[in-house]
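Inspection log for the structure reproduced underneath, given as structure tokens.
Nothing in this text is a laboratory measurement; each read-out follows from the coordinates by a stated rule. Everything numeric in this text was worked out from a predicted model, so none of it was measured. Cβ sites come from the backbone with ideal geometry, for glycine too, and all protein chains shown count toward neighbours.
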Amino acid sequence: MGLLIADDIHQRKLATYIPKDSKCFSACSFVFLAGDERKVDGALGVHQISSDSPDLVGAQLAISDIIEVLNRFGTPMDVMQVMFKTPPNDMHVFSQDEVERYKLNRAGGEQSSSPTVVDVPVPVSGADTKPTAQAAPVGSEVASATPQAKLSPLQEFTRRPNRIAIYTGLDLFGDDISSIRVEEASECAKSCLAMNGQCRAFTFNSNPKIKRGPNCFLKSSAGRADGNSVAFSGRFLSGAEGDPSELTLGTIDPQTALHDDIDLRGGDLSRRPERSAKTPLDCRLACIDEKQCMAFTYIKPKKEC
């Protein structure tokens, strides 16, 4: 079945891709190698075929079919050798170095070198091995990003956003490329998405007290994460990126944890002011970055933290 699917992919000149943190083992490897354009970011594994049947003629015919099909796919000889030298109850997973060395990644239209001839051992026995491929979730299609050059189907999939990570109470601080005023957070997200890949993240300020000025900040990257109870942020993820991990960080909420005209005396970590902190914002962030810091005081007239 794997060879039939692979042959169909080859005839249709489709692209194949193994996302990061995903696996494509055994029969799935035939499907991957059939791609006119292909890319490995996850794990690609191969091994010998296996059969409980003592029919050696049938086994040889099956191996012959596999070699013929893989040869049409332009599969490198080294890859076939690895495949047929790996026992059926084992799995050879290609390292990134091997992926580059064997040219497993391929741009659309590229073909491998001359036809391949491989001497292979006859499999004796073993359990059938089923492919265990994982697919990354793909959301609705979004127009691709680069007006200067047309992207291949695989490049388009791995670069275009196909999902979004949402953070409430988190300000993605810095790396702003534009700031606008909008009514809703959804409008802020759409404005970021409309920038054709230039904008990768955004922060929307939901504070109802702010009646004028920008409240939507479009960013070239996620920048620094900073806790802020009125912030609503998002980061666009492409098909090549894994799901974001949980985020844990210390915060001093600028909306609820700051107090004007109050000096917290004593308990100083140093006799000298923090040199890197020249503004109240710098002072707050410096305290967050210092694990021993539990509070801070910024003296405005002296600009000292």
Within straight-line cross-link reach of LYS303, lysines at Cα separation under 19 Å, skipping those fewer than 8 residues along the same chain:
LYS278
Exposure proxy ranking, count of Cβ atoms within 10 Å, fewest first, for THR158, THR248, THR203:
THR248, THR158, THR203
Once the Cα gyration tensor of region 137-247 is diagonalised, what are the square roots of 5 times its eigenvalues, in whole Å and ordered largest first, as equivalent ellipsoid semi-axes?
25, 16, 11
How long is the gain from ALA295 to GLN60 if the chain were fully straight, where each residue apart is worth 0.36 nm and the alpha carbon distance is subtracted?
77.2 nm
List, in order, the whole-Hz ³J(HN,Hα) value for each residue of region 152-160 obtained from phi through the Karplus relation with A = 6.51, B = -1.76, C = 1.60 and θ = phi - 60°; use x for Gly and Pro.
6, x, 5, 4, 5, 5, 6, 9, 6
Distance in nm between ASP253 and SER178 label points, each 7 Å along Cα→Cβ, equals 3.2 nm
Sequence-distant or interchain residues sharing an amide H contact under 5 Å with ASN162, placed H: which?
LEU237, SER238, GLY239
Using a/c under 1.5 as the rounded threshold, could you call region 2-101 rounded, prolate or oblate? The axes a ≥ b ≥ c are square roots of the C-alpha gyration tensor eigenvalues, and prolate needs a/b larger than b/c, oblate otherwise.
oblate
Name the residues whose placed amide hydrogens come within less than 5 Å of the amide hydrogen of GLN48, ignoring near sequence neighbours (fewer than 5 apart) on the same chain.
THR86
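I need to check one value: relative contact order of region 154-282, counting alpha carbon pairs closer than 8 Å and at least 6 residues apart, in percent.
Across region 154-282, relative contact order equals 32 percent.
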Contact order normalised by length for region 258-305, with contacts defined as Cα pairs under 8 Å and 6 or more residues apart; what percent is it?
40 percent
Sparse-neighbourhood loop sites, trypsin sites (Lys or Arg not before Pro) in region 153-237 - DSSP loop, at most 12 other Cβ within 10 angstrom
LYS209, LYS211, ARG212
Beyond 27 Å (Cα-Cα) in this structure, taken from LYS39/LYS190; LYS211/LYS291; LYS20/LYS103; LYS23/LYS85, we find LYS39/LYS190; LYS211/LYS291
Surrounding charge for CYS199, neighbours by C-beta under 15 angstrom, Lys/Arg +1, Asp/Glu -1, total +3
When only Cα pairs under 8 Å and 6 or more residues apart are kept, what is the percent relative contact order across region 2-101?
29 percent
How do the peptides 7-18, 263-274, 69-80 rank, highest first, by the average count of neighbouring beta carbon atoms within 10 Å per residue?
69-80, 7-18, 263-274
Add +1 for every Lys or Arg and -1 for every Asp or Glu among the other residues with Cβ under 10 Å from the Cβ of PRO153, and state the total.
-2
